[in-house]
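Read the structure below first, then the notes.
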Amino acid sequence: MRKLIIALLGIVWWTSLSAATYYVSPTGNDNNVGTSTSSAWRTIDKVNSRRYNFVAGDNILFERGGTYRGALSLGSSGASGNPIIVSAYGSGAAPTLSGSTLKTGWIQHAGSIWKVQTAGKVLNVFANGELMTLARYPNTGWLRNDNGTSSQIQDSEITQASGYWTGSTVVVRTSGWSYDTAFVSSHAGSTVNFTPFSYGYNLLNYSWGYFFQNKFSELNYEKEWFYDGT
């Protein structure tokens, strides 16, 4: 039950408001009141704008079959035995709450490579709901270092021209149970230098494996992607 306190000229009134049900629909409008299917909100952003206004017993229902983009953030809490419920209404497939951003306006870069402008760092790319692979070398499997430190790999398998891997990232299995990703600062011959691992693991001759990624010229395999931070 909601309790609203109104103070005016030293007089205090108490009034109680019942818990409510709010609806969110792909065909809704964020200017609506949200308390019926015919006046549903449209976006997660609208729900988040009310994050501190929800009370115990409130229901937030997303229409089935819809996709809602963003991260749901609720700043208020329910009570024991009387929670704030996030669920679905209608018929069909369960609603999808997606942290991804839908990108339109793709243009052809060259051949079968397409590109689009985007703001902020890109962590993952999905095509038709399928997770794509950040362009990498080798396309599958691992390279094996001959020797190394916490900021360098030496490997006779690195045969590309000096500087080729500069600016890419390297994913290294730094122990029998961990992986690290580092930015490649320089590359000369069979030696690659990168930002030091957080915990200072020394690779030595432990050839647990590594691979390079996010190199545009390695965008050579279906469903790979590359991010140009500049």
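Name the residue, out of SER87, SER91, SER100, that is in a strand (DSSP E or B) and either polar (S, T, N, Q) or modelled with pLDDT under 95 (or both).
Just a single option satisfies the conditions, and that option is SER87.
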Restricting attention to segment 188-218, and to residues there that are among the hydrophobic types (A, V, I, L, M, F, W, C) and at pLDDT below 95, which single residue is farthest from ASN124 (Cα to Cα)? LEU204
Would you mind stating whether ARG173 is open to solvent by less than 60 Å² (accessible area, probe 1.4 Å), touching a strand residue (DSSP E or B) at 6+ places or on another chain (Cβ under 7 Å) and either modelled with pLDDT under 95 or basic (Lys, Arg) (or both)? no
Provide a single number: the residues in segment 127-157 that are surrounded by 14 or more Cβ atoms within 10 Å (Cβ to Cβ), farther than 17 Å from LEU204 by Cα and without any contact (Cβ under 8 Å) to a residue 40 or more places away in the chain. 0
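Evaluate the following for SER178: is it over 23 Å from GLY229 (Cα atoms) and open to solvent by less than 70 Å² (accessible area, probe 1.4 Å)? First the steps, then the outcome.
Working: over 23 Å from GLY229 (Cα atoms): yes; open to solvent by less than 70 Å² (accessible area, probe 1.4 Å): yes.
Here the answer is yes, as SER178 does meet what is asked.
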Kindly provide the set of residues from segment 173-197 that are under 22 Å from the mean Cα position of the chain (by Cα) and touching a residue at least 12 places away in the same chain (Cβ under 8 Å), ordered by number. SER178, ASP180, THR181, ALA182, PHE183
So GLY75 passes all but one of these: (1) closer than 30 Å to LYS121 by Cβ; (2) at pLDDT 95 or above. Which condition number does it fail? (2)
Tell me, please, whether a residue that is open to solvent by less than 60 Å² (accessible area, probe 1.4 Å) and either farther than 30 Å from GLU224 by Cα or in contact with a Leu (Cβ under 8 Å, 6 or more places away or on another chain) (or both) can be found in segment 95-112. no
Within segment 16-53, work out how many residues are surrounded by fewer than 16 Cβ atoms within 10 Å (Cβ to Cβ) and among the basic types (Lys, Arg). 1
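The values are calculated or read from the model by the stated rules, or taken from the named source; none is laboratory data. Values in this document were obtained by computation on a predicted structure and should not be read as measured data. No Cβ is skipped: glycine too gets one built from the backbone with ideal geometry, and neighbour counts run over all protein chains shown. The accessibility values were calculated without ligands, DNA or RNA, using every heavy atom of the protein model including side chains. Shrake-Rupley method; radii C 1.70, N 1.55, O 1.52, S 1.80 Å.
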